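Novice: Below is one structure. I have some questions about it.
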Amino acid sequence: MTTAATALPLLALRITAGPVELRGITDDLLGPLAGLATDIHDPDFMPFSFPWSLTPAPDMPRNVAQYHWGKRASFSPDQWNADFAVFFDGELVGAQGFVTREYLVTRGGETGSWLGRKFQGRGIGTAMRQVICAFIFDHLDARYITSAAFEDNLASLAVSRKTGYTDNGVDRVSRLGQPAIMRRIVLEPPNLVRYKHDLAVEGLPEFRKSIGLDADDEDSAPDPA
């Protein structure tokens with residue numbers, strides 16, 4: 001029987017490392033994520049280039065659901081998002097993602113994440129970033145990973161530094177109609193600071209095939225004489 005997870009293997013992907021677990025975002029997780037997303041940061045501080053976190057609480061469930069449904073609908077080997085719900089010691093704490101275009105050519109993309117405010121300051125943000133980067137390098141054959149943060153987002157920049165990212169330039173951008181400096185950073189495999197626990201991955205062969213990394217046996221077999 002075909003299920004949502006067989007049609008889109010991302011939904012069945014599970015990455016576990018000690019107390020950290022990253023799960024593909026299935027529909028049952030959309031509501032809990034939306035509830036958690038209503039309290040990420042102080043109202044006078046904006047860490048995101050697109051201010052989605054300012055969505056009024058009553059509208060957050062619809063916006064979160066529409067965002068993830070839209071990314072599912074557009075998923076292809078040429079352009080895809082791998083978004084995960086993050087659990088720590090079994091409790092939902094936030095979300096971690098990786099976005100890329102033409103991955104089969106570039107072998108790179110960008111990480112992004114958010115953490116519920118009550119879970120911040122405990123090292124969880126660093127752990128989940130180290131886990132996703134190890135997964136992308138070790139299991140998806142990536143050559144580089146980028147990220148970015150406003151220069152006043154010291155917590156995010158500290159997570160990147162602890163994971164091994166290095167400076168990759170700056171951009172002057174608009175944030176809520178005001179100029180702001182966005183710091184670009186990049187991570188290559190030799191610089192990755194790994195999480196203290198090894199990774200266990202479920203659903204990897206199906207996911208690799210869905211992004212075009214592994215051809216079917218019949219596709220790679222020589223033509224009959």
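The values are calculated or read from the model by the stated rules, or taken from the named source; none is laboratory data. All of these numbers come straight from a predicted model, not from anything done at the bench. FYI the Cβ positions are ideal-geometry reconstructions off the backbone, even for glycines, and counts take in every protein chain you see. Please note that ligands, DNA and RNA were not included when accessible areas were found on the heavy atoms of the full protein model with its side chains. Shrake-Rupley method; radii C 1.70, N 1.55, O 1.52, S 1.80 Å.
Novice: List the GluC sites (Glu not before Pro) in segment 114-218 that DSSP assigns to loop (not H, G, I, E or B) and whose Cβ has at most 11 other Cβ atoms within 10 Å. Which are they?
Specialist: Working: sites: Glu151, Glu202, Glu206, Glu218; in loops: Glu151.
Passing sites in segment 114-218 are Glu151.
Novice: Not counting ligands, DNA or RNA, and with a 1.4 Å probe, what is Thr2's accessible surface area in Å² rounded to the nearest 10?
Specialist: Its accessible surface works out to 120 Å², give or take rounding.
Novice: Read phi for every residue in segment 74-85 and hand back ³J(HN,Hα) as whole Hz from Karplus 6.51 cos²θ - 1.76 cosθ + 1.60, θ = phi - 60°, with x for Gly and Pro.
Specialist: With coefficients 6.51, -1.76 and 1.60, one gets 9, 5, 7, x, 7, 7, 8, 10, 10, 9, 10, 7 Hz.
Novice: Moving to a separate point now. What 222 nm value per residue comes from the helices of the chain, counting each DSSP H run with n ≥ 4 as -39,500 (n - 2.57) and dividing by all residues, nearest 500 deg cm²/dmol? Can you show the working numbers first?
Specialist: Values: 8 runs with 71 residues, N = 225.
When only DSSP H runs of four or more count, the value is -9000 deg cm²/dmol.
Novice: Sequence gap at least 6, Cα distance under 8 Å: using those rules, report the relative contact order of segment 130-203 to the nearest whole percent.
Specialist: Working: 98 pairs, mean separation 28.6, N = 74.
This gives 39 percent for segment 130-203.
Novice: Also, I was wondering about something else. Find how much the distance from Arg122 to Asp167 grows on full extension, using 0.36 nm per residue of separation minus their present alpha carbon separation; answer in nm with one decimal. Write down the numbers at each step before the final one.
Specialist: Working: separation 45, 0.36 × 45 = 16.20 nm, distance 2.45 nm.
My answer for the length gained is 13.7 nm.
Novice: How much length would be gained if the chain were fully extended between Gln66 and Glu91, taking 0.36 nm per residue of separation minus their Cα-Cα distance, in nm to one decimal?
Specialist: Roughly 6.6 nm would be gained on extension.
Novice: Moving on. Just the number please: accessible area per residue for the chain, 1.4 Å probe, all protein chains included, in Å².
Specialist: 53
Novice: When a/c is below 1.5 the answer is rounded, else prolate if a/b is larger than b/c, else oblate, so apply that to segment 100-184 with a ≥ b ≥ c taken from the square roots of the Cα gyration tensor eigenvalues. Provide the component values of the computation, followed by the final result.
Specialist: Numbers: a/c = 2.09, a/b = 1.20, b/c = 1.74.
Verdict is oblate for segment 100-184.
Novice: Something else: Would you mind telling me the antiparallel percentage of the DSSP bridges in segment 1-157, rounded to 5? Don't skip to the answer; put the middle values down first.
Specialist: On the way: 26 of 29 bridges.
Antiparallel bridges make up about 90 percent of those DSSP assigns within segment 1-157.
Novice: Cross-chain or 8 or more residues apart, Cα under 24 Å: how many lysine pairs in the chain fit that? Count them up, please.
Specialist: Working: Lys71/Lys209; Lys118/Lys162; Lys118/Lys196; Lys162/Lys196.
For the chain, qualifying lysine pairs total 4.
Novice: Residues with amide H under 5 Å of Ile40's amide H, sequence separation 5 or more or different chain, H placed in the peptide plane at 1.01 Å from N; which?
Specialist: Amide H neighbours of Ile40: Arg117.
Novice: Probe radius 1.4 Å, ligands and nucleic acids ignored: give me the carbon and sulfur share of the accessible area of segment 13-85 as a rounded percent. Walk me through the numbers before you get to the answer.
Specialist: Numbers: 1930 of 3510 Å².
The value for segment 13-85 is 55 percent carbon and sulfur by accessible area.
Novice: Hey, if you drop one equal point scatterer on each alpha-carbon of segment 1-148 and run the Debye formula without solvent, what base-10 log of I(q)/I(0) do you get at q = 0.17 Å⁻¹?
Specialist: Normalising to I(0) and taking log10 leaves -1.04.
Novice: Within the chain, which whole H helices from DSSP have a Cα span along their axis of at least 15 Å and a mean Kyte-Doolittle hydropathy of 0.5 or more, if any? It would help to have the intermediate numbers written out before the result.
Specialist: Details: long enough: 27-37 (16 Å, 0.85); 60-73 (19 Å, -1.26); 124-140 (23 Å, 1.14).
Counting only whole DSSP H runs, the qualifying helices are 27-37, 124-140.
Novice: If you don't mind, another one. What residues of segment 45-75 lie in the reach of a label at Lys209, counting those whose backbone N is under 19 Å from a point 7 Å from the Cα along Cα→Cβ?
Specialist: Output list for this probe position: 75.
Novice: Here's a follow-up. In whole percent, what relative contact order does the chain give with Cα contacts below 8 Å and a gap of six or more residues? All intermediate terms of the calculation are to be shown ahead of the outcome.
Specialist: Numbers: 357 pairs, mean separation 49.2, N = 225.
Relative contact order here is 22 percent.
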